[in-house]
Each structure stands twice: as structure tokens, then as C-alpha cells.
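Below: one structure, written as C-alpha cells.
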Amino acid sequence: MKVPKWRIFVLRIGHRPERDKRLTTHLGLTARALGAQGFWITGLRDPNVIKSIQHVSCQWGHRAFIVQNQESWRKCIQKWKNQDGEVVHLTMYGLHIDDVIPRIRASPCDKLVVVGGPKVPGELFNHADYNVAIGHQPHSEVAALAIFLDRLYQGSSLHFVSDDAELSVEPTAHGKRLQDRTTQKEDKTVQ
Ligand code: SAM
């Protein structure tokens, strides 16, 4: 796939620290690993989630990856649209991904991918340029985001490498091989 013209941001709405800590962290890590440039969170503030994702970006690269809270999903979407970005809402009620992904990929606009939490406000369906179903069964926001980004990038995001990574994996059929660029050491650990 050619280098795309667009940028991807992911907006997670309705974060609840006591229940969603791991899920929201995994969403941010998935966004970072599969080709997004930033991750925004609305709901209750949770600095630990932001710190965890930033820590991974420091060690594994893509330090420019943005992780921030947003006061309001409505304002965030409005601002995005005012800057000519388009909004892709992942929901099991939308159009099947197979029917819309070519159009989303071909559009040069930056894309804000919105994933819900406990209750998705009905209004969001009207603000979205695309309501996209990753199949029409209920599953998880992390699964939905991963499949969406993988299809959008046609699998190429799994091969992205960051120049600024401290740690990188040396693929191996058995055990673990890790390269640490800060110490120039190769750590071989076998489980
Ligand atoms: N009950 C919630 C509602 O009112 O829509 C859905 C909760 S679901 C666990 C959380 C989020 O996962 C959804 O808002 C959506 O972003 C995503 N999701 C779950 N299944 C999906 C699917 N089949 N297609 C697209 N997104 C999905």
C-alpha cells in the first residue's frame, strides 16, 4: 500500500477508571501499534492510562504518538470536522466494513475513529460520516479497532517500524529475543 495521505486519530468515549482501565489502555496501545497518530479519551480523567501508553511509546517507539484527554466528545468531533476531517464511528449497527472500507481508504481526509463505551449517545450516529460495523455481532471496542485499522491499511500496519524505539523484537521461532538500543545489548531469554 502507498503511504496514505490521511492521518488517523482514535477517540474513546465514556472512560470509567474503575472499570475500563485495562480496556482503554489496550485501545490506546492498539491505536499506536496499528498505525494511528494519536488517541483521545473522554469520560473520567485517568492519568495512569495516559502514562502507561506513553511509557510504551518511549520504549517501543513512535514517541510522537499523542495521548490526551478531551473535555467533550461533541466538541472534539466538531473541531475535527471544522478542520475537514471525517468521522468513522465503529458500531455493530452500521454498514458492513466490506461495503465502506474502499471509500474510506480512498478519501484523502484525516479520519477520527470513534469507539464507544458503556452507552453510546444516539446523536453520535448522526455526527459520523460513516457508521461502520465490524460484523453485526456485539464484541469489543479493541477487536473492532484492530480489525478496522488492519483492513484500512490492508495489513501493512503490522510491518511498521519506528526509528525511535529503544526496544525491538528479533523474531525467533522459539524463546524471546529483544534488542535494546540504549545498551546495544541483545537479551536472549528462553521461556
Ligand atoms: N452497549 C453499547 C452500545 O450502546 O452500543 C456497546 C458496547 S460495546 C462493548 C463498546 C464498543 O465496542 C461499541 O461502542 C463499538 O464502538 C465497539 N463494537 C462492539 N462490537 C462492534 C461491532 N460489531 N462493530 C463495530 N464496533 C463494535
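The values are calculated or read from the model by the stated rules, or taken from the named source; none is laboratory data. Keep in mind that this is a model prediction, so the values were computed, not measured. Please note: Cβ atoms are built from the backbone with ideal geometry, for glycine as well, and neighbour counts cover all protein chains shown.
What to note about this one:
- Options GLY94, GLY38; residue that is in the same structural domain as ILE147 (by TED's automatic domain parsing), crowded, with 17+ Cβ neighbours inside 10 Å and within 17 Å of the chain's Cα centre (by Cα): GLY38
- Hey, ASP84 in a loop (DSSP other than H, G, I, E, B) and free of Cβ contacts under 8 Å to residues at least 40 places away in the same chain or not: yes
Okay, residues lined up against (1) modelled with pLDDT of 95 or more; (2) part of a strand (DSSP E or B):
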| residue | (1), (2) |
| --- | --- |
| LEU95 | yes, yes |
| CYS109 | yes, no |
| LEU145 | yes, no |
| GLN154 | yes, no |
| VAL161 | no, no |
| THR183 | no, no |
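- Meets criteria (under 19 Å from LYS21 (Cα atoms), touching a residue at least 24 places away in the same chain (Cβ under 8 Å) and not aliphatic (A, V, I, L, M)) for THR91: no
- Index of the failed condition, GLU141 passing every other in (1) over 15 Å from the mean Cα position of the chain (by Cα); (2) within 8 Å of the ligand (Cβ to nearest atom): (1)
The rows are residues; the columns are (1) of a type in the set (A, V, I, L, M, F, W, C); (2) modelled with pLDDT of 95 or more; (3) over 26 Å from ASP164 (Cβ atoms); (4) away from the ligand (no atom under 16 Å from the Cβ).
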| position | (1), (2), (3), (4) |
| --- | --- |
| LEU27 | yes, yes, no, no |
| ALA31 | yes, yes, no, no |
| CYS58 | yes, yes, no, yes |
| GLN68 | no, yes, no, yes |
| ASP99 | no, yes, yes, no |
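- Subset of the stretch 111-126 that is in contact (Cβ under 8 Å) with a residue 24 or more places away in the chain, in a helix (DSSP H, G or I) and surrounded by fewer than 18 Cβ atoms within 10 Å (Cβ to Cβ) - its residue that is farthest from the chain's Cα centre (by Cα): GLU123
- Total residues in the stretch 115-124, condition within 22 Å of ALA36 (Cβ to Cβ) and more than 7 Å from the ligand (Cβ to nearest atom): 1
- Annotation note: Cβ proximity below 7 Å between a residue of the stretch 148-163 that is within 16 Å of the ligand (Cβ to nearest atom) and a residue that is in a helix (DSSP H, G or I) and among the basic types (Lys, Arg) (sequence gap 6+ or interchain) occurs for LEU152/ARG105.
- Checking GLY135 against (1) more than 17 Å from LEU11 (Cβ to Cβ); (2) surrounded by 15 or more Cβ atoms within 10 Å (Cβ to Cβ); (3) within 9 Å of the ligand (Cβ to nearest atom), the condition it does not meet: (2)
- Output for the stretch 41-57, where each listed residue is in contact (Cβ under 8 Å) with a residue 24 or more places away in the chain and either farther than 17 Å from GLY116 by Cα or surrounded by 19 or more Cβ atoms within 10 Å (Cβ to Cβ) (or both): ILE41, THR42, ASP46, ASN48, VAL49, SER52, ILE53, VAL56, SER57
- Residues of the stretch 79-99 satisfying the condition of being closer than 17 Å to ARG12 by Cα and among the hydroxyl-bearing types (Ser, Thr, Tyr): THR91
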